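Structure record follows, encoded as structure tokens.
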Amino acid sequence: MAKQQRNSAMASNDPDLPDLSGDPQPGDLIEIFRPAYQHWALYLGDGYIINLTPVDESQAAAMSSVKSVFSRKAVVRMQLLKEVVGSDSYRVNNKYDHNHTPLPVCEIIQRAQVLIGQEVSYDLLGSNCEHFVTLLRYGEGVSEQATRAIGAISLVTAAASAFSVLGLINTRSRNRPF
């Protein structure tokens with residue numbers, strides 16, 4: 001409880017993200033702050049969450065591994081929130097509720113329970129842990145984290161293309177005889 005309260009206070013420093021204090025309720029989205037990324041889980045109740053973990057790692061190693069973001073397959077696991085969070089911080093973050101209507105809690109939980117233990121496709125940009133939990137909560141997979149990554153990749157690609165074209169133009173202009 002104290003860890004979650006501290007985490008909410010930490011997250012409230014960002015004006016773009018809501019401060020959602022309090023204990024998680026069944027169906028809530030849980031944002032876990034890893035050193036290099038955010039991991040997402042869905043709260044089931046009684047201290048348990050459902051989340052995606054890499055297929056080829058032990059349960060303990062999968063909880064905090066950066067390798068998980070590069071996996072192509074994942075396993076849906078039900079785990080204790082406190083064990084998944086470990087020494088990292090977390091908060092309840094139902095940030096899409098303002099533009100997506102959550103499904104009824106009983107339906108969210110039922111949809112989640114059916115998937116426990118199943119192996120699913122994983123793609124950092126198109127089918128990641130945030131997509132997974134938002135699909136359970138809203139019936140639609142959404143990920144700002146992936147959208148930002150795609151935008152950054154597009155920007156880098158566009159910049160590289162522009163520099164390449166400018167370099168080509170510059171090379172041609174130096175080779176002109178007049």
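What follows draws every value from the coordinates through simple rules; no lab data is involved. Predicted, not measured: the structure shown is a model, and the values here were computed from it. Note: ideal-geometry Cβ built from the backbone for every residue, glycine included; neighbour counts use all protein chains shown.
Return the distance in nm (one decimal) between the two label points of a simple spin-label model at residue 88 and residue 113, each offset 7 Å from Cα along Cα→Cβ.
Once both label points are built, they end up 2.7 nm from each other.
Please give, to one decimal in nm, the separation of the simple spin-label points placed at residue 33 and residue 99, each 7 Å out from Cα toward the Cβ.
That separation, rounded to one decimal, is 2.4 nm.
Once you put a point 7 Å from the Cα of residue 144 and another 7 Å from the Cα of residue 56, both along the Cβ direction, what distance in nm separates them?
3.3 nm
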